[in-house]
Structures are given as structure tokens and as C-alpha cells.
1. Could we say that Q121 is open to solvent by 30 Å² or more (accessible area, probe 1.4 Å), of a type outside the set (F, W, Y), in contact with a helix residue (DSSP H, G or I) (Cβ under 9 Å, 6 or more places away or on another chain) and under 16 Å from Q65 (Cα atoms) here?
2. Quick one: is I114 touching a Phe, Trp or Tyr at 6+ places or on another chain (Cβ under 9 Å) and of a type in the set (V, I, T)?
3. Only one of (1) in a helix (DSSP H, G or I); (2) open to solvent by 90 Å² or more (accessible area, probe 1.4 Å) fails for R48. Which number is that?
4. Among the residues of segment 51-71 satisfying the criterion of being touching a helix residue (DSSP H, G or I) at 6+ places or on another chain (Cβ under 8 Å), part of a helix (DSSP H, G or I) and open to solvent by 60 Å² or more (accessible area, probe 1.4 Å), which is modelled with the lowest pLDDT?
5. Exactly one of (1) in a helix (DSSP H, G or I); (2) acidic (D, E); (3) open to solvent by 70 Å² or more (accessible area, probe 1.4 Å) is unmet by E110. Its number?
6. Is at least one residue of segment 177-185 open to solvent by 100 Å² or more (accessible area, probe 1.4 Å) and within 19 Å of E115 (Cβ to Cβ)?
Amino acid sequence: DNGDWRSTFGTMAMLNQPPQDIESWIDFFSKAELPVLKKTLRQLEEARARIDHISGRDIATIVLQDPLMSIRVLAYIQPFRGRSLQNDITTIAGAVMMSGIVPFFRRFTELPTIEEKLKGQDPHALLGVLQIIRRAQRAADYAQEWAIWRHDMNMEEIRIAALLHDLAETLVWCFAPKLGLAIHGQQV
């Protein structure tokens with residue numbers, strides 16, 4: 001019975017036990033509002049204050065440090081697929097340019113943060129998610145450097161792939177911190 005986790009569902013809900021199957025996980029995360037790093041929110045607010053002097057590339061640089069913000073932006077742009085586009089939008093810079101800078105800032109205001117979401121939880125949960133995100137950031141930095149070295153034309157796509165590689169683990173730490181701690185305890 002999935003009633004245990006569905007009854008507590010909300011945009012900031014926490015899972016205390018895992019859903020029964022992959023479809024239930026997908027259902028949960030498709031309705032959840034993904035939090036972003038507090039640092040990302042602060043940097044976006046600073047960028048918004050300089051809106052007349054900010055570019056899509058500047059915004060992409062901020063977003064590409066945060067896996068959850070990156071996935072939020074990519075999910076936001078998906079409805080634009082197929083309308084009049086010949087190719088999918090697979091980069092953050094492309095997504096920002098497609099939406100426009102002002103609409104981008106209008107869409108991404110007052111975002112929940114990971115730090116707020118995990119307030120009141122075991123402090124090791126915040127540490128766990130921050131460690132996973134830092135690992136993803138390092139992997140993305142390495143992937144980007146290798147893409148530059150290889151003269152790859154899809155450098156940002158490669159960075160995004162590395163940044164999102166540990167997305168499932170990040171989501172567990174954010175939405176099921178007790179499960180994240182239990183899994184971590186079994187790994188040590």
C-alpha cells in the first residue's frame with residue numbers, strides 16, 4: 001500500500017519509507033517542487049538586480065553549479081519542444097535564451113532551498129546532500145575540462161550529464177533524509 005507516503009505528500013513532503021515501485025517514485029518527484037542551493041538562489045537574486053547587464057551565458061554559469069536548479073530549468077523548457085523547434089534544447093544557455101531573460105527571472109523567483117527543506121532534520125542529512133552535490137560539481141568540472149581538451153562541440157551537454165549523474169541520490173537526501181542516512185550507514 002502506497003498510502004503511507006502519498007498521504008503526507010506536499011511540495012516540501014518528506015518520505016519516511018520508500019515508495020513501492022519506480023512508478024510511485026516518478027509520481028512523487030513529478031509533483032514535488034525541487035529545492036535549490038541557497039547559494040544559487042542568492043546568485044540569481046544578485047543577477048536579477050543587474051538584469052540590464054546580464055546575459056544568458058551568465059545565468060547558465062550560475063545554474064550549472066546546481067544539479068537541482070539545472071533539472072528545474074531543463075524541465076521548464078520541455079513544453080517548448082516541438083512547437084517550432086527543429087532541435088531539442090539541451091543546454092541551460094539555450095533554455096534561458098529560448099525563454100528570455102526577463103521571463104526566466106519571473107519563472108524562477110522565491111525558490112525553496114535545500115537548506116530550508118532539511119531544517120529540523122538530522123544535520124548529517126544536509127551534510128550528505130552537500131557532499132553529493134560537491135561531488136557532482138567536481139565531476140562536471142572535470143567533464144567540461146575533458147570536453148575542452150577534446151574540442152567537443154557539445155561541451156555544456158557533457159557538463160550537464162556529469163552534473164546530473166547523481167541526481168537520484170541527491171533527491172533521496174532531499175526528500176527522504178532518513179532513508180539517505182540509513183543507506184549511508186550501510187555503506188560505511
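The values are calculated or read from the model by the stated rules, or taken from the named source; none is laboratory data. All figures in this text were calculated on a predicted structure; none of them were measured in a lab. Counting neighbours? That spans all protein chains shown, and the Cβs are built from the backbone with ideal geometry, glycine included. Please note that ligands, DNA and RNA were not included when accessible areas were found on the heavy atoms of the full protein model with its side chains. Shrake-Rupley method; radii C 1.70, N 1.55, O 1.52, S 1.80 Å.
1. When the stated conditions are applied, Q121 does not pass them.
2. So I114 passes the test.
3. It is condition (2) that R48 fails.
4. Looking at residues that are touching a helix residue (DSSP H, G or I) at 6+ places or on another chain (Cβ under 8 Å), part of a helix (DSSP H, G or I) and open to solvent by 60 Å² or more (accessible area, probe 1.4 Å), I get R57.
5. The number of the failed condition is (1).
6. yes
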